[in-house]
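Heads up, the thing below is written out as structure tokens.
The values are calculated or read from the model by the stated rules, or taken from the named source; none is laboratory data. Note that the structure is a prediction, hence the values are computed from the model and not measured. Note that each Cβ is placed from the backbone with ideal geometry, even for glycine, and that neighbours are counted across all protein chains shown.
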Amino acid sequence: MVAIETAGMAAIGAGLAIAGGAIGTGMAQAAIGSSAMGVIAEKPDQASKLIIWVAIPETIVIFGFVVSLLLVLK
């Protein structure tokens with residue numbers, strides 16, 4: 001009985017890790033993306049630098065995925 005409860009709690013924790021990472025990434029990319037588009041409209045030569053800034057928050061989702069794998073595959 002305890003093993004079932006532990007597995008269930010690990011699954012809930014894994015889901016929360018992915019959901020939290022996805023929500024955090026979405027909020028960060030909303031702000032960064034709109035600002036980046038404003039800069040690109042005025043200075044198109046800065047586009048290559050700004051693409052990196054838009055991609056950086058994606059690591060949050062990757063970290064959430066790694067945490068969820070650690071919880072599920074422990």
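Count of region 34-58 residues, restricted to those that are surrounded by fewer than 14 Cβ atoms within 10 Å (Cβ to Cβ), over 24 Å from S68 (Cα atoms) and of a type in the set (V, I, T), is 2. How many residues does region 16-66 hold that are in a helix (DSSP H, G or I) and either in contact (Cβ under 8 Å) with a residue 60 or more places away in the chain or of a type in the set (D, E, K, R) (or both)? Total satisfying the criteria: 4.
When A22, A31, A17, A3 are checked against the criterion of being at pLDDT 90 or above, exposed (fewer than 13 other Cβ atoms within 10 Å of the Cβ) and among the hydrophobic types (A, V, I, L, M, F, W, C), A31 stands alone in meeting it.
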